[in-house]
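Beneath this line is the structure, given in structure tokens, with notes to follow.
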Amino acid sequence: MTITEKSIVLTLGITAVALFAGIIYQVVSQVIDGSRYPPQGKLVDIGGFCLHLNCVGNGTPTVIMDAGGGASSITWGLVPSEIAKFTRVCTYDRAGFGWSNPNLTKPRTSQQSVDELHLLLNKAEIEPPYILVGHSLGGANMRLYASQYPENVVGLVLVDSVHENQMTPEMWNSLEREFWLYLVLELATRFGVLRLIGEMNLLPIIEDIKQEIKKYPQAVQALFDTYKSYYYHPHYWATYKSERANIKTSFEQLQAITSLGNLPLIVLSQGSKHPKMSDERFHYWASLQLELTKLSSNSQHIIAENSGHLIPLEQPELVVSAVHQLMRENLKL
């Protein structure tokens, strides 16, 4: 065997050992994550996989909350605990996020999320009526749910919800270029690379969140390590990629919903422009939020003057107030 051949064999051997060590590191770390960050609620089997559901408080109607794209239930921050002071509230994690098992056998569209949420509520025996609350992409899911199960829904709060007409051709092209990145991140998590980089404080997305979260209450900051651990799971990135890849289908599903009748609706939208958002884009987003109010003849538009897109964290009291208003005024409870 020549020196070159020996070098190739040695390189391949070292690579194989490193990859194997990475896999072991990832598997062991995930087990540790499971014991260190146990589910806040319970896992409900809806047919071959489990979704995480966390219900607190007592009363009716029950408030059902769905978080934004790629986000888990803990991103609602202090909102659920405050709502629980006057009624029952249930947060859940869509398949593949938070503590929920992945379900990558089906494209991650809004309709798929609605179907799985409906199964979850039935399996967990969470009886209607419901007030639905959705943030960002969760708003699309809740809007679709309200249109398909109107007999179960008595109120809807859209928190800076996505809109089916929000994307420009340039944004669609940019989105498609992102998919290779999610594939790389998924592979990196399988071999423990992403976790290792993150724990060395060298992962930009984690470091950005760490800096951003410092401005929130201590109770919210305490959730950082739990939230960070989600990024280290391969199924997170596979699910996120599917959710993003199927966003056009989700928006097409929304286009059929032109009216929710007189369903009590509150549209809560951002009032503070992100530094990276252009003035033109900000005003267009605001116009789309106003357009959402036309879905119901019984709607109200509230602007969160001191918040960007993350209203549940920046002005949680507005989300709580919107829910309380639907119960007290619109629903005459």
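Each residue of segment 281-291 was assigned a 3J(HN,Hα) from its phi angle through the Karplus curve 6.51 cos²θ - 1.76 cosθ + 1.60 (θ = phi - 60°); the sequence is 5, 4, 5, 5, 4, 4, 5, 5, 5, 5, 5 Hz, with glycine and proline shown as x. Alpha-carbon geometry of the chain: the Rg and the Dmax are 21.4, 86 Å, given in that order.
Only helices enter this figure: runs of n ≥ 4 DSSP H residues, each worth -39500 (n - 2.57), summed and divided by the residues of the chain, yield -15000 deg cm²/dmol at 222 nm to the nearest 500.
Karplus-based coupling profile of segment 157-172, in residue order and whole Hz: 10, 9, 9, 6, 5, 5, 10, 5, 10, 7, 8, 9, x, 5, 5, 4, with θ = phi - 60° in 6.51 cos²θ - 1.76 cosθ + 1.60 and x standing for Gly or Pro.
Residue-wise HN-Hα couplings along segment 201-218, as the Karplus relation 6.51 cos²θ - 1.76 cosθ + 1.60 with θ = phi - 60° gives them from phi, are 6, 10, 9, x, 5, 6, 5, 5, 5, 4, 6, 5, 6, 5, 7, 9, x, 4 Hz; Gly and Pro carry x. Taking the Cα centroid of segment 227-300 and of segment 45-83, what is the distance between the two, rounded to the nearest whole Å? Cα centres, segment 227-300 to segment 45-83: 18 Å.
State the percentage of accessible surface on segment 70-126 attributable to carbon and sulfur atoms; use a 1.4 Å probe and exclude ligands, DNA and RNA. Here carbon and sulfur together make up 49 percent of the probe-accessible area.
With respect to the chain, whose longest principal axis is taken over its alpha-carbon atoms, helix 110-123 is tilted by about 80°. Across all C-alpha atoms in segment 224-269, the radius of gyration and Dmax reach 16.4, 44 Å. Averaging the sequence gap over all C-alpha pairs within less than 8 Å and six or more residues apart, then dividing by the number of residues, gives the chain a relative contact order of 19 percent. Mean 1/r over all different Cα pairs, inverted: what Kirkwood radius does segment 272-331 give, in Å? Result for segment 272-331 stands at 12.9 Å. When peptides 118-126, 320-328 are ranked by their average number of other Cβ atoms within 10 Å per residue, the highest-first order is 320-328, 118-126.
Counting only cysteine Cβ atoms and a cutoff under 4.7 Å, the chain contains unmatched residues Cys50. Compared with the dominant Cα axis of the chain, that is its longest principal axis, helix 3-36 is turned about 30°.
Might you tell me the accessible area per residue for the chain, computed with a 1.4 Å probe and given in Å²?
On the way: 15770 Å² over 333 residues.
Heavy-atom accessible area per residue stands at 47 Å².
The values are calculated or read from the model by the stated rules, or taken from the named source; none is laboratory data. Values in this document were obtained by computation on a predicted structure and should not be read as measured data. As a convention, Cβ positions derive from the backbone with ideal geometry for all residues, glycine included, and neighbour counts pool all protein chains shown. Accessible surface areas use protein heavy atoms only, side chains included; no ligands, DNA or RNA. Shrake-Rupley method; radii C 1.70, N 1.55, O 1.52, S 1.80 Å.
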